[in-house]
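Report on one structure; see the data block that follows.
The values are calculated or read from the model by the stated rules, or taken from the named source; none is laboratory data. This is a predicted model, so every value here is computed, not measured. Here Cβ is always computed from backbone atoms with ideal geometry, including for glycine, and neighbour counts include all displayed protein chains.
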Amino acid sequence: MSQWNFSFLLRRWHVVLDGLYGTLALAAVTLAASLAIGLVAGMMRSSRSAPLRAAATAYVEFFRNIPALVQVFWFFYVLPILTGIQENAFVSAAAALSFYSGAFFAEIYRSGIQSIERGQWEASKALGFRYLRTMRYIVLPPAIKRMVPALTNQAIEVVKLTTVASTIAYHELLYQGQLLSQTEFRPLESYTAVAAILIGMLVLLSWGSTRLERRLARTE
Amino acid sequence: MQYQWDFSVVFRHFDFLLQGAVGTIELTGVALAIAMPWGLVLAILRILRIPVLSQLAVAYIDLFRASASLVLIFWFFFAFPVLIHVDLGPFSAAALALGLQAAAYFAEVYRSGIQSIGRGQWDAARALGMRYSPAMLHVILPQAIRRVVPVIFLRIVDLLKTTSLAAAISFDELVHHAQRLASDTFRPVETFTVVALMFFVTIFTFSQLARWLERRLARSD
């Protein structure tokens with residue numbers, strides 16, 4: 001039996017902390033961007049204009065059906081060509097994961113928007129509201145409430161996805177774990193610690209989302 | 001800066017990418033062979049409410065669903081061998097990580113199928129003198145599995161997508177071959193564009209098949 005020894009983590013806590021910061025920063029930026037992209041695409045998917053619907057469908061099907069890792073590599077190599085900026089792991093990973101996850105968020109928004117009865121739209125029209133104002137004041141508030149469980153599930157997926165950025169040497173938890181494993185010769189402890197920290201974060205996140213769901217359910 | 005796209009190099013080495021695709025399919029197949037039966041065992045353990053065993057099944061399912069696939073792959077490749085004193089190659093490590101994780105997802109799919117079958121079916125089987133296992137095997141499971149076939153399809157497609165992560169431990173699948181081709185030809189953009197399209201065509205076709213199956217099964221139900 002091998003001897004478990006986690007003591008090096010205490011000595012090199014700043015390496016872990018850097019990774020935690022990298023994961024949180026990438027997750028936050030990706031989450032914000034993919035929620036926005038998803039909202040626009042989801043609204044387009046449920047609009048009455050056929051070209052808008054088609055464009056959004058193409059986006060969703062395309063980005064949802066290509067592995068996140070392939071998209072991360074693709075953005076990593078394409079962004080410098082398209083924009084002329086230096087290869088940047090954070091920007092590439094954030095862009096790729098936002099488009100990938102945005103496609104999943106779009107489907108959540110779409111089903112939420114479509115779950116609102118037609119009567120709400122008609123009533124809003126009768127009051128003289130245009131499309132965007134109807135969306136903003138009548139349709140989205142109750143729709144988003146219904147979407148909360150699905151949205152928080154996808155948010156958890158986003159946090160898990162950030163580990164993929166380690167493949168282009170972005171300094172998040174998994175990458176820092178690799179670093180520790182190689183310098184301390186303790187792969188068992190390093191990777192177990194990474195897994196435990198990530199799961200801890202997700203348990204916190206899902207605990208928070210359950211509380212949020214319960215609060216929203218009371219106000220329904 | 002004007003970039004000159006050149007796909008010809010990629011197509012000249014297309015057979016190398018296809019070799020990678022074979023690796024992808026093999027890994028998906030072996031992971032599935034682990035996940036589908038093991039998931040069924042987990043689902044039944046969870047439903048049966050046997051003290052300790054059911055809780056263990058729930059803990060297993062929650063733990064694997066909360067883990068990032070890439071972390072699991074690294075753990076099984078670098079950490080697990082230290083624990084068991086046996087070296088796992090990239091194929092075994094990836095198949096084990098992805099198979100054991102997919103089992104947790106499959107367990108939830110089976111469970112939702114089994115629980116969607118009405119109590120009346122259990123009562124009828126009992127009235128015919130069937131005990132628990134024959135009732136489950138001959139009455140409940142055939143109906144339950146039929147109902148979840150489209151979801152099973154989507155899970156398989158998801159697994160296929162996830163196998164790409166095995167490239168990170170240098171398993172010879174499509175993405176890893178793409179990485180090697182990209183560094184040999186200095187054409188990463190073209191290579192990954194082609195690979196992205198290969199994945200898209202395969203996965204999109206399968207997802208459409210799942211949707212078609214869903215509509216057909218809904219009609220005949």
Problem set entry | Any chance B:Arg147 is surrounded by fewer than 21 Cβ atoms within 10 Å (Cβ to Cβ), within 23 Å of the chain's Cα centre (by Cα), in contact (Cβ under 8 Å) with a residue 24 or more places away in the chain and facing chain A (nearest Cβ under 10 Å) | no
Seminar exercise, completed: Residue hits (the stretch B:176-221; buried (at least 19 other Cβ atoms within 10 Å of the Cβ) and basic (Lys, Arg)) are B:Arg187
For this session: Report, by residue number, each residue of the stretch A:37-78 that is over 15 Å from A:Ala103 (Cβ atoms), buried (at least 22 other Cβ atoms within 10 Å of the Cβ) and among the β-branched types (Val, Ile, Thr).
Result: none
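Can you tell me which residue in the stretch A:184-212 is farthest from the other protein chains (Cβ to nearest Cβ), limited to those that are over 19 Å from the mean Cα position of the chain (by Cα) and surrounded by fewer than 14 Cβ atoms within 10 Å (Cβ to Cβ)?
To start, the set of residues in the stretch A:184-212 that are over 19 Å from the mean Cα position of the chain (by Cα) comprises A:184-194, A:196, A:211.
This time we only want the ones that are surrounded by fewer than 14 Cβ atoms within 10 Å (Cβ to Cβ), so: A:185, A:196, A:211.
Working: A:Phe185: 10, A:Ala196: 10, A:Arg211: 18 Å.
If we take residues in the stretch A:184-212 being over 19 Å from the mean Cα position of the chain (by Cα) and surrounded by fewer than 14 Cβ atoms within 10 Å (Cβ to Cβ), then A:Arg211 is farthest from the other protein chains (Cβ to nearest Cβ).
Please find, among A:Ala106, A:Ala68, A:Ala93, the residue that is of a type outside the set (Ser, Thr, Tyr), within 12 Å of chain B (Cβ to nearest Cβ), touching a residue at least 60 places away in the same chain (Cβ under 8 Å) and closer than 26 Å to B:Ile203 by Cβ. It would help to see each step written out before you state the result.
Numbers: A:Ala106 fails: within 12 Å of chain B (Cβ to nearest Cβ); A:Ala93 fails: within 12 Å of chain B (Cβ to nearest Cβ).
So the residue among A:Ala106, A:Ala68, A:Ala93 that is of a type outside the set (Ser, Thr, Tyr), within 12 Å of chain B (Cβ to nearest Cβ), touching a residue at least 60 places away in the same chain (Cβ under 8 Å) and closer than 26 Å to B:Ile203 by Cβ is A:Ala68.
Residue by residue through the stretch A:160-179, note down the ones that are under 12 Å from A:Val15 (Cα atoms), of a type outside the set (Phe, Trp, Tyr) and within 11 Å of another protein chain (Cβ to nearest Cβ).
First pass over the stretch A:160-179, keeping only residues under 12 Å from A:Val15 (Cα atoms): A:171-179.
Filter once more, keeping what is of a type outside the set (Phe, Trp, Tyr): A:171-174, A:176-179.
Correct list: A:Glu172, A:Leu173, A:Leu174, A:Gly177, A:Gln178.
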For this session: With a cut-off of at least 3 residues that are within 19 Å of B:Ile169 (Cβ to Cβ), name the helices (runs of 4 or more DSSP H) lying wholly within the stretch B:1-118.
Result: B:14-48, B:69-74, B:80-84, B:90-115
For this session: Kindly establish whether A:Glu117 is over 20 Å from B:Thr193 (Cα atoms) and surrounded by fewer than 17 Cβ atoms within 10 Å (Cβ to Cβ).
Result: yes
Problem set entry | Which numbered condition B:Ala43 misses (of (1) buried (at least 19 other Cβ atoms within 10 Å of the Cβ); (2) in contact with a helix residue (DSSP H, G or I) (Cβ under 6 Å, 6 or more places away or on another chain); (3) within 13 Å of another protein chain (Cβ to nearest Cβ)) | (3)
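This table checks each residue for (1) farther than 30 Å from A:Tyr175 by Cα; (2) within 17 Å of the chain's Cα centre (by Cα).
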site: B:Gln55; (1), (2): yes, no
site: B:Leu63; (1), (2): no, yes
site: B:Leu100; (1), (2): no, yes
site: B:Ala104; (1), (2): no, yes
site: B:Glu108; (1), (2): yes, yes
site: B:Ala127; (1), (2): yes, no
For this session: Tell me, yes or no, whether the stretch B:203-216 has at least one residue that is facing chain A (nearest Cβ under 9 Å) and either within 20 Å of B:Gly39 (Cα to Cα) or of a type in the set (A, V, I, L, M) (or both).
Result: yes
Seminar exercise, completed: Over the stretch A:151-172, the set of residues assigned to a helix (DSSP H, G or I), touching a Phe, Trp or Tyr at 6+ places or on another chain (Cβ under 9 Å) and farther than 15 Å from A:Leu97 by Cβ is A:Leu151
Problem set entry | Pairs with Cβ under 6 Å, 6+ apart, first in the stretch B:46-71 and surrounded by fewer than 22 Cβ atoms within 10 Å (Cβ to Cβ), second polar (S, T, N, Q) | B:Phe64/B:Gln101
For this session: Would you mind stating whether A:Ile144 is more than 8 Å from chain B (Cβ to nearest Cβ), of a type in the set (Val, Ile, Thr), within 30 Å of A:Arg118 (Cβ to Cβ) and touching a Gly at 6+ places or on another chain (Cβ under 8 Å)?
Result: yes
Exercise. Out of the stretch A:122-136, which residues are under 18 Å from A:Met44 (Cα atoms) and either in a loop (DSSP other than H, G, I, E, B) or at pLDDT 90 or above (or both)?
Worked result: A:Arg130, A:Arg133, A:Thr134, A:Met135, A:Arg136
For this session: Inspect all residues belonging to the stretch A:87-99 and state whether any of them is of a type in the set (Gly, Ala, Ser), more than 16 Å from the chain's Cα centre (by Cα) and not in a helix (DSSP H, G or I).
Result: no
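Suppose we keep only residues that are small (Gly, Ala, Ser) and in a helix (DSSP H, G or I) within the stretch A:100-121. Which one would you say is farthest from B:Asp158 (Cα to Cα)? Show your work before the answer.
Residues of the stretch A:100-121 small (Gly, Ala, Ser): A:101-103, A:106, A:111-112, A:115, A:119.
Imposing the further condition that a residue be in a helix (DSSP H, G or I) reduces the set to A:101-103, A:106, A:111-112, A:119.
Working: A:Ser101: 14, A:Gly102: 17, A:Ala103: 15, A:Ala106: 18, A:Ser111: 21, A:Gly112: 23, A:Gly119: 37 Å.
So, considering only residues that are small (Gly, Ala, Ser) and in a helix (DSSP H, G or I), the one farthest from B:Asp158 (Cα to Cα) is A:Gly119.
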Problem set entry | Search result, residues across the stretch B:62-78 that are within 7 Å of chain A (Cβ to nearest Cβ) and over 19 Å from A:Met201 (Cβ atoms) | B:Phe78
